Amino acid sequence: MSKKKITLLTLVILVAFGAVLMSGCSAKSEVTADMNQEIKSAVSADEESGETENQVPVADAHAEEKSTEQNESNPALSGPDADGDGLPDDVEKTYGTNPYTPDSDGDGQNDLQDQQPTTTDVTISETSTAALPVSFVDLRVENNATADHLEMTLKNTGNAALDEFDIYYLITDKLNGVTESYYVKLDGLTILPGEKKTIHFDNEIDKEGHYYGNPYGLYGTSANGLIFNIKLHNSGYQSIEKRVDKDPGVEVPD
């Protein structure tokens, strides 16, 4: 029942009660009958209109629905989103994040929620003191056969197959000291004894030996020289650390 009609019924009751006091007990039955009729009429009107105490007015309900639609269609977060992280591809370019993966730095946090999406605290730690039987045959960030990217060729110098590789690399701008860091699990990489394998960080992950690499980070946007400090790890062995430099000049992301 609406508040307006409840107030009306209250006034009816008060008037009726006053009439009883003034006219005496003989008129009580007539007043009660009139009062009951008023209540029935009010309730009937409510039922016919479909109103209830808890019903949200139509105008308010529409306003709430409109507000929700506006939030969902925030222009700043609209447009194609290839990796589904909530950041449209154009925004990723502005933010300097990788549009090919929802977790640019590999720290396990979605780029949209990550306060530092191109800097990870994930570091590689290993208690074993065994030397990793792997050598770097080649390591480059320029002069690739295709578009320039971080690329390395590894050789297994041991007697057993190696898998469970992961890598951490820190990129430092030589001029202003700005840094980015990335952690990547090299899933699917197995190197047999005496075998060489080349791995690429170019986002062509549908190919064997290819992994995510941020085209909108320092590599693709800084015109200054860059330093790549790389830590390669395999479970049960000490990490190998290597450095490779990139000459000044901007790489144009694909």
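Quick notes on this one:
- Test result for Asp111, among the acidic types (Asp, Glu), touching a Pro at 6+ places or on another chain (Cβ under 9 Å) and modelled with pLDDT of 95 or more: yes
- In the condition set (1) part of a strand (DSSP E or B); (2) surrounded by 19 or more Cβ atoms within 10 Å (Cβ to Cβ); (3) within 29 Å of the chain's Cα centre (by Cα), Gly213 is compliant with all but (1).
- Selection of segment 216-240 for residues being closer than 17 Å to Thr120 by Cβ, out of contact with any His (no Cβ under 9 Å at 6 or more places or on another chain) and either open to solvent by 30 Å² or more (accessible area, probe 1.4 Å) or not aromatic (Phe, Trp, Tyr) (or both) yields Tyr216, Gly217, Leu218, Asn229, Ile230, Lys231, Leu232, His233.
- Candidates Gly177, Gly106: the one that is touching a Ser or Thr at 6+ places or on another chain (Cβ under 8 Å) and small (Gly, Ala, Ser) is Gly106.
- Every condition in (1) open to solvent by less than 60 Å² (accessible area, probe 1.4 Å); (2) under 22 Å from the mean Cα position of the chain (by Cα); (3) modelled with pLDDT under 95 holds for Pro102 except the one numbered (3).
- From Lys207, Lys197, residue being at pLDDT 95 or above, in a strand (DSSP E or B) and open to solvent by 20 Å² or more (accessible area, probe 1.4 Å): Lys197
- Check on Gly188, modelled with pLDDT of 95 or more, among the small types (Gly, Ala, Ser), open to solvent by 60 Å² or more (accessible area, probe 1.4 Å) and under 23 Å from Tyr100 (Cα atoms): yes
- Condition check for Val250 on (1) among the β-branched types (Val, Ile, Thr); (2) under 28 Å from the mean Cα position of the chain (by Cα); (3) part of a loop (DSSP other than H, G, I, E, B): one failure, at (2).
- Looking only at segment 173-185, and only at residues there that are closer than 16 Å to Thr123 by Cβ and among the β-branched types (Val, Ile, Thr), the one that is least open to solvent (accessible area, probe 1.4 Å): Val184
- The C-beta contact set for segment 111-129 (first residue open to solvent by 100 Å² or more (accessible area, probe 1.4 Å), second residue part of a loop (DSSP other than H, G, I, E, B), distance under 8 angstrom, 6+ apart or interchain) comprises Gln116/Asp105; Asp121/Asp107; Thr129/Gln238.
- Listed by first and then second residue, the pairs with beta-carbon distance under 6 Å, at least 6 apart or on different chains, first residue in segment 173-190 and under 21 Å from Asn203 (Cα atoms), second among the acidic types (Asp, Glu) and open to solvent by 50 Å² or more (accessible area, probe 1.4 Å), are Thr190/Asp163.
- Subset of segment 144-161 (residues that are under 24 Å from Asp245 (Cα atoms) and part of a loop (DSSP other than H, G, I, E, B)): Asn144, Ala145, Thr146, Ala147, Asp148, His149
The values are calculated or read from the model by the stated rules, or taken from the named source; none is laboratory data. Just so it is clear, the model here is predicted, and its values are computed rather than measured. Cβ sites come from the backbone with ideal geometry, for glycine too, and all protein chains shown count toward neighbours. Please note that ligands, DNA and RNA were not included when accessible areas were found on the heavy atoms of the full protein model with its side chains. Shrake-Rupley method; radii C 1.70, N 1.55, O 1.52, S 1.80 Å.
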